[in-house]
Ligand code: NDP
């Protein structure tokens, strides 16, 4: 029997509608319009597309947004000064610096300079540390999107074995921490994991974020397991995930498609983080 499809496109649209409504309420009650500033350096075409998508999404939910497109020749000092300017602006609640930055710019130093209260991408060490400690803070959009998909698809995590493949700081590692916070028993795999197919087969919930087109096949999946495919790979002009969908869909209990799974959730969760940052800027009465 084919798996239930977890429709990330529909769930993301629902979240954007919620954010739009809550933004209207914030404006009505406190006169605050959430403001998001994106800083982009150089002319990487993929980065341009991402920033344009974020700008459109902001307009759709009623946010103010602005873009700072800096030339590839921008110095580290100039970039840090731009971030500090945005830190000081009361109308800007969220700041994101589009990665990767061109050489020889130091991305970590730039991320460390963003005010943690405006770090809606959740990459600042303070927010990462809060996640490790189980304290409230900003969590990166993709891992947050993975958890939101599981929640809205009503997948029970408590006591379940969750296997995350990929340990990047932006996706795999924070996803593992979020699953742990939901009381899953978590295994975090990477390129040195021994018998990866065997470990995957022991998963009740399998999250794959490796950047290898269609590597995880149906025979790596326990019948009835939930499979979340974070991968985005371009193969012969088509976008495919890290999971081989045609074989996986026959075995899994529930699965996200690519495109239309985790992808649309990332921007939706960024919007939600920005709304939260704006709310937290309301002075206590
Ligand atoms: P990274 O390249 O930063 O990390 C990849 C991880 O996968 C590493 O931990 C690496 O292990 C592991 N890995 C690579 N090859 C193998 C292998 N053969 N077996 C086991 N583990 C392996 O990638 P990201 O985390 O940034 O992205 C992962 C995927 O998710 C990509 O396809 C990316 O395009 C997609 N993505 C999608 C987003 C969305 O919005 N849906 C957002 C961000 C990313 P090691 O650490 O040992 O090198």
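The values are calculated or read from the model by the stated rules, or taken from the named source; none is laboratory data. Just so we're clear, the structure is a prediction, and the values are computed from it rather than from any experiment. Virtual Cβ from ideal backbone geometry, glycine too; neighbours counted across all protein chains shown.
What pairs come out if I take residues in region 169-190 that are closer than 16 Å to residue 269 by Cβ and pair them with residues that are within 11 Å of the ligand (Cβ to nearest atom) and part of a helix (DSSP H, G or I) whose C-beta lies under 7 Å away, six or more apart or interchain?
If the second residue must be within 11 Å of the ligand (Cβ to nearest atom) and part of a helix (DSSP H, G or I), the pairs left are 170/142; 171/142; 171/143; 174/143; 175/143; 175/146; 178/143.
Before we move on, is residue 207 touching a helix residue (DSSP H, G or I) at 6+ places or on another chain (Cβ under 8 Å), part of a strand (DSSP E or B), in contact (Cβ under 8 Å) with a residue 60 or more places away in the chain and more than 8 Å from the ligand (Cβ to nearest atom)? Give the steps one after another, and end with the answer.
Numbers: touching a helix residue (DSSP H, G or I) at 6+ places or on another chain (Cβ under 8 Å): yes; part of a strand (DSSP E or B): yes; in contact (Cβ under 8 Å) with a residue 60 or more places away in the chain: yes; more than 8 Å from the ligand (Cβ to nearest atom): yes.
Yes; evaluated as a whole, the condition is true for this residue.
Going by the structure shown, is residue 164 buried (at least 19 other Cβ atoms within 10 Å of the Cβ), over 14 Å from the mean Cα position of the chain (by Cα) and either within 13 Å of the ligand (Cβ to nearest atom) or free of Cβ contacts under 8 Å to residues at least 24 places away in the same chain (or both)?
The answer is yes for residue 164.
Need the failing condition index for residue 178 against (1) within 14 Å of the chain's Cα centre (by Cα); (2) within 14 Å of the ligand (Cβ to nearest atom), just the number.
(2)
For region 121-161, give me each residue that is under 22 Å from residue 15 (Cβ atoms), away from the ligand (no atom under 12 Å from the Cβ), touching a strand residue (DSSP E or B) at 6+ places or on another chain (Cβ under 8 Å) and not in a helix (DSSP H, G or I).
Once the filter is applied, which keeps residues that are under 22 Å from residue 15 (Cβ atoms), away from the ligand (no atom under 12 Å from the Cβ), touching a strand residue (DSSP E or B) at 6+ places or on another chain (Cβ under 8 Å) and not in a helix (DSSP H, G or I), region 121-161 yields 153, 155, 157.
If you check residue 80 against the conditions, is it surrounded by fewer than 21 Cβ atoms within 10 Å (Cβ to Cβ), modelled with pLDDT of 95 or more and in contact with a helix residue (DSSP H, G or I) (Cβ under 6 Å, 6 or more places away or on another chain)?
yes
Which ones in region 264-282 are over 18 Å from residue 164 (Cβ atoms) and within 16 Å of the ligand (Cβ to nearest atom)? If you could, list the steps in order and put the result at the bottom.
Of the residues in region 264-282, the ones over 18 Å from residue 164 (Cβ atoms) are 264, 267-268, 270-282.
Residues satisfying the conditions are 264, 267, 268, 270, 271, 272, 273.
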